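J.: Please find one structure pasted underneath; my questions will follow.
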Amino acid sequence: MSYPSPLSQPQPGRPSPVPLPPVSPPPLPVAPRRSGAGAVWAIGVLAVVLVGLVAYFLTFIGPGGSLLGMALALIPLAVVLAAVRLIDRWEPEPRVLVVLAFAWGAVASVAIALLVDLGLFLVFRPALSPAQEALSAIVQAPIVEELAKGLGLLLIFVVGRRTFDGPVDGVVYGALVGAGFAFTENIQYFALAMADGGVAQTTTTFFMRGILSPFAHAMFTAVTGFVLGLAARRGASTRGALGPWCAGLVGAVVLHAFWNGSAVLGDFFALYLTLQVPLFIGFILGIIALRREEARLTRTRLGEYAAAGWFTAQEVDMLATSAGRRAALAWAATLRGDRTATMRSFIRDATALAMTRQRALTGRDPQAARDERVHLERAMLARAALFAP
């Protein structure tokens with residue numbers, strides 16, 4: 001065989017060895033489901049109720065007023081949801097339960113309140129006197145509305161019991177239920193204000209409800225959620241949680257009645273500055289204290305794994321503080337390929353591991369031991385991926 005030139009002839013030599021394929025990493029365990037099918041079914045039922053509620057608004061308020069009211073109601077809703085998201089950042093709740101909480105407040109609670117109001121009107125035919133209106137605002141509305149919202153919290157406790165870990169979760173779910181209720185109620189208030197008094201009355205109503213008190217309903221129902229969360233932290237069963245739930249309802253009703261009474265019987269702005277503003281500040285301080293307690297619990301539970309050699313003390317410090325998590329995410333962004341997402345997974349699974357171990361210690365979740373192993377394996381795989389070359 002001839003070649004064009006000596007340089008084109010094949011040269012004898014040893015072939016380069018074919019490298020072996022890299023060892024495939026073990027498959028990532030599927031994260032445990034944090035809510036049951038009951039939540040999905042409940043949302044489906046609420047979707048049906050929503051159709052009736054929309055028909056009610058379109059019939060008695062009209063499409064124009066309903067759309068205007070909805071547009072204005074979205075503004076305070078966005079503020080409240082942003083605040084709830086900040087509270088829920090440490091260990092986010094399952095999305096399906098978040099949707100259920102908001103939907104219950106916006107749909108079921110409003111529907112229950114409307115039906116009860118209609119029933120009481122048909123039975124007693126109350127006269128529209130100032131005394132009757134004050135009684136309705138201070139007594140009837142707080143009892144009916146907080147009971148309707150509280151039923152949603154009890155439902156979430158039942159269908160999402162494995163993820164209802166403590167007071168912070170209760171505050172989050174309660175605030176979401178309250179935010180949903182306030183959203184639908186604001187649609188009605190803003191639309192009726194426009195129909196009765198035009199732009200001037202709508203502006204006043206929006207200032208009172210959307211600017212001065214966007215967190216009112218969220219705070220009321222968060223009281224019920226807080227007490228229910230305390231019961232969950234102690235490992236209470238559904239039956240055992242009924243007593244705390246009732247106690248939380250009493251607190252929510254009293255707070256609601258006090259708020260309405262300040263608007264009906266006294267100088268609203270004076271009481272707002274002297275009582276409601278300090279109450280709101282106290283609520284914020286309480287949330288901060290609960291977040292610190294959640295961080296302390298995370299440190300304690302992960303410290304038990306560190307003692308067994310799964311984590312280092314430095315990693316526990318990082319995972320148990322907001323500043324440590326921010327520093328870890330910033331460090332992960334400097335790694336090859338930007339491993340921020342991997343660090344987020346590590347933080348999420350390590351936090352879930354701490355909360356799952358807490359559920360296992362209380363004995364209220366028979367599947368906690370299995371979930372604990374899954375979260376631990378996921379956290380270790382994410383940790384290994386962070387330090388991979």
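Any read-out appearing in this document is the output of simple, stated calculations on the displayed coordinates, not a laboratory observation. Just so you know, these numbers come straight off a predicted model, no measurement behind them. Cβ sites come from the backbone with ideal geometry, for glycine too, and all protein chains shown count toward neighbours.
J.: What does the net charge come to around A182 if you take all other residues with beta carbon closer than 14 Å to its beta carbon, with K and R at +1 and D and E at -1?
T.: Here the count lands on -1.
J.: While we're on this one: Among F183, F60, which comes first, then next, by fewest other beta-carbon atoms within 10 Å?
T.: F60, F183
J.: To continue, here is another question. List the relative contact order of the chain as a percent without decimals, with contacts defined as Cα pairs under 8 Å and 6+ residues apart.
T.: RCO, the chain: 19 percent.
J.: Pick from L255, L271, L100: which residue has the top mean-square fluctuation in a GNM of the chain where Cα pairs under 10 Å get a spring?
T.: L271
J.: At 4 °C and 1.567 mPa s, what whole-number value in µm²/s does Stokes-Einstein give for the translational diffusion of region 127-190, with Rh from the Kirkwood sum over Cα pairs?
T.: Stokes-Einstein gives a translational diffusion coefficient of 96 µm²/s.
J.: Hey, another quick one. Which whole DSSP H helices in the chain pass both tests: a Cα extent of 20 Å or more along the axis and a mean Kyte-Doolittle value no lower than 1.6?
T.: TM-like helix candidates: 37-60, 63-87, 110-124, 141-159.
J.: Using Cα Rg over 2.2 N^0.38 Å as the read-out, say which of (i) 0.94; (ii) 1.00; (iii) 1.30 was calculated from these coordinates.
T.: (iii)
J.: Hey, fewest Cβ within 10 Å first, where do E372, E304 land in order?
T.: Least crowded to most crowded, the residues run E304, E372.
J.: Right, another one. How big is the gap, in Å, between the Cα center of region 36-107 and the Cα center of region 121-172?
T.: Answer, in whole Å: 16.
J.: Connecting C-alpha atoms closer than 10 Å in a GNM of the chain, tell me which of F280, F157, F226 has the biggest fluctuation.
T.: Evaluated over the chain, the most mobile residue of the options is F280.
J.: Among T342, T321, T221, rank each residue by its count of other Cβ atoms within 10 Å, from fewest to most, as a rough exposure measure.
T.: Fewest-to-most ranking of T342, T321, T221: T321, T342, T221.
J.: If you don't mind, there's one more thing I want to ask. Please report the base-10 log of the normalised intensity I(q)/I(0) for region 270-389, using a Debye sum with one equal scatterer per alpha carbon and no solvent, at each q in 0.10, 0.17 (1/Å).
T.: -0.40, -0.86
J.: On to the next question. For the chain, with a Gaussian network of springs between Cα atoms less than 10 Å apart, report the residue from A55, A216, A231 with the top mean-square fluctuation.
T.: Of A55, A216, A231, the Gaussian network model singles out A55 as fluctuating most.
J.: Further, regarding this structure: Compute the separation of the alpha-carbon centres of region 212-270 and region 327-363 and state it in Å as a whole number.
T.: 33
J.: For the chain, what is the calculated [θ] at 222 nm in deg cm²/dmol (nearest 500), taking -39500 (n - 2.57) for each run of four or more DSSP H residues and dividing by its residue count?
T.: That calculation yields -24000 deg cm²/dmol at 222 nm.
J.: Pop the C-beta distance of Y56 and S237 into the FRET formula with R0 = 45 Å and round what comes out to the nearest 0.05.
T.: 0.75
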